[in-house]
Amino acid sequence: MALSSAESSLSFATLTPESKVAQTHLASLVAKHRSDAVGSPMDLVVATRHLTNIISSDDHDPASRSKYTIIFTFGRKGHGRDSEWIVGKLNSDKHGKPIDMPISSSRSRCIKGRKLFEVFIHPKSGVLMIRNANANHSLWYLNADNQGDHVELRNQERYVLHMSTNLLRIGSLDYALRYSIESTRAFLASRKVYMQRQLGDWDVPSCFAIQPRHDHIRLRHVILHSVIAKGGTCVVRAGVDRKTGNPIACKTMQCSRGNIEAAVNEISIASVIAAHALSGLVPLLFKSCGHGHPLPCSQAELEDMHLVMPYAPFTFDTAPWQEIRPSVKLALFRHALEGLKNLHAAGIMHRDIDPSNLLVFSLQPAAAAIGDFGMAKVGSQGVEKSLGSLAYQAPEVATRETYTEAIDIFSMALSILATFEGCIWSGPLSDHEHYSALLNYLTRLETRMPAGLATVLRAMLSWDPSHRPSAEDVLTDAVWEQIAEPDSVRTSDRQSDRQSSEKSSSMQQPDDDLPLPGSDAGDGLDRRLRSPIPEALPRSSSPNSNTSSADDLDQRMKRSHAPPPSSVGNDDADSTAEVHGRDDMSERMNRSEAPSPASAANGET
Ligand SMILES: Nc1ncnc2c1ncn2[C@@H]1O[C@H](COP(=O)(O)OP(=O)(O)O)[C@@H](O)[C@H]1O
Ligand SMILES: [Mg+2]
Ligand SMILES: [Zn+2]
């Protein structure tokens, strides 16, 4: 039996033995086990010469090229716990746990243990990942780190397959896993069907790339895919954490002499928030300069500064409010207000609260947070008049000499109001005519709001700032009692949730480095709106906790006796935009010294 044409059209990657040992084992497997049944894993082993789409390792000596290649296809469901495709030795009997991609016969001694690794789609970002499934051998992902270092994956450790050609080594076996997506549209459709079978209505935002591209930027352990927003002096990109596959967003501030102070202010405020892990405020995962150095960088005065945070699929501007249950809406509003309470308690005014700066991380469970600290200021009084968007600005910014943090309360009320029918007013609301029209509008909307909310908003919209409740006051209102408690997850429960979900399913991998506010109420929404779902904020986490796994790995890289991976090159190192911790010169040196791909095939003897 051969791979059906339908199955072959759903293929997206190939796995080709690169070392002689790996080639010999696969060839002798083929000689012994001709495929006998429909859907046999042996169908996935095909003669390399039949593959038109395989990107051959260019100057490979044809004699050293593998005769056979293994195909990954959505046409076959993987037998991993979460439908991962398992690569390993062919089953000897019908009762053993099936292997999806066979690399040798079951009796082969090529490696200790039966499984090598698993390949899977990340449920939140959709990227292709690999996981070591062998308890006896480390899996080496060659040249996969920014400086061309090798990455060691121990049993169950995973990594994003972030190069077009991914060179893998386990024991004496070397493979190249290559992307072979021919049609983006077909790939997206079949990936969706595949994931929906396991997770219900599944989708991921299109800002996450389906395969590596030359214009992806590597910034420490994250890879930046595409631009999702552009401001005057900043650009926000979506990307993934290479170690977890979790979606992240990176705000890059292009610093010039004119705006360096503003950038430094934003970074320092974001850092204070990260250091205290304040709930309801967007957490900073890490910050870095254009060289990949933690800030401040001593090498350059003016350069790009990157703020990396968890990815939010929506803002208050773009969330599908019409489809969201009232209880979930209230839960999202409460998160934003908690953020404001914490910000004000830390002695910081935000000064630019508007729907585009209120990020929604998840609808089930509800998770929202305040972002964009570009206008924020430490202190309790402000005088600057030119702040954020006028439609959301409190009247006293224009009408009085000074203002207080109460301007944030006013703007928050307007941002909440706009989730019902959009922003139908124009600002500023500093003249009485506009202002009373707005209050009338609020009254008209009252029946469509959860009971009691309009009253809370009216108080927050008091003309006189001293009459407005504080965020803390607002949070004691009875209106929040309508948040469905059965669905609600208390923050204190989140830690045990994380542990149990980790045990129960690797598909539900907690976002190790996505600290987020506690979450509330579920909803009746489809999966599309639910995913991606960041996890709760580990309250005790230190500001650096998210980098510890990175450091661990780096440490291990230094300590461990790497397989002395033989010199193997990759096609991406030279072309992918890289941002990392060496200066340009040494970077260039490293590149020119990178071993050539040709040596890959002969690396093993
Ligand atoms: N963590 C994130 N996840 C997803 N999108 C984000 C994230 N942070 C910012 N954005 C998007 O980028 C836009 C601009 O980011 P922001 O920090 O508000 O910068 P600006 O100073 O230009 O307003 C936001 O309105 C939002 O649409
Ligand atoms: Mg903004
Ligand atoms: Zn720098």
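Brief remarks on what is shown
- Net charge of Cβ neighbours under 10 Å - reference residue 135; Lys, Arg +1; Asp, Glu -1: +3
- Whole-number percent relative contact order across region 314-508, with pairs defined as alpha carbons under 8 Å at least 6 apart: 23 percent
- For region 325-405, GluC sites (Glu not before Pro) are listed when DSSP marks them as loop and at most 15 other Cβ atoms sit within 10 Å of their Cβ; the list is 384, 401.
- Residues of region 454-474 with amide N under 15 Å of the 7 Å Cα→Cβ point at residue 432: 463-464
- Packing-based ranking of 241-251, 303-313, 142-152 yields 241-251, 303-313, 142-152, ordered from highest to lowest mean Cβ neighbour count within 10 Å.
- Estimated FRET transfer efficiency when R0 is 22 angstrom, pair residue 48-residue 215 (beta carbons, to 0.05): 0.15
- Distance-filtered residues of region 406-425 - backbone nitrogen under 16 Å, label point 7 angstrom along residue 466 Cα→Cβ: 406-407
- Residue-count net charge about residue 459 - beta-carbon cut-off 10 Å; Lys, Arg +1, Asp, Glu -1: 0
- Compactness of region 330-377 as Cα Rg over 2.2 N^0.38 Å, two decimals: 1.11
- As a rough guide to protection, the peptides 281-291, 463-473 ranked by mean Cβ packing within 10 Å, highest first, stand as 281-291, 463-473.
- Using C-alpha pairs below 8 Å separated by at least 6 residues, the relative contact order for region 217-310 is 25 percent.
- Once the Cα-Cα distance is subtracted from the 0.36 nm per residue extended length, the residue 198 to residue 425 segment shows a gain of 77.3 nm.
- Simple spin-label estimate for residue 381 and residue 79 gives 7.4 nm between the two label positions (7 Å along the Cα-to-Cβ direction from each Cα).
- Anisotropy class of region 135-248 from Cα gyration tensor, a/c 1.5 cut: oblate
- Measuring between alpha carbons in the structure, the pairs from 251/329; 77/97; 251/287; 77/192 lying more than 20 angstrom apart are 251/329.
- Sites residue 155 and residue 229, calculated FRET efficiency, Cβ-Cβ separation with R0 45 Å, nearest 0.05: 0.70
- Compared with the alpha-carbon gap, the fully stretched path from residue 109 to residue 302 is longer by 63.8 nm at 0.36 nm per residue.
- The packing ranking, built from the mean of other Cβ atoms within 10 Å per residue, places the peptides 17-29, 224-236 in the order 17-29, 224-236, highest first.
- Averaging the Cα positions of each part gives two centres, and for region 153-206 and region 312-390 these lie 35 Å apart.
- Extension gain, residue 443 back to residue 185 (0.36 nm per residue minus Cα-Cα distance, nm): 88.1 nm
No lab work stands behind these numbers, since they all come straight from the coordinates. Not measured: the values here are computed from a predicted model. Here the Cβ is made from the backbone with ideal geometry for all residues, glycine too, and neighbour counts use every protein chain on show.
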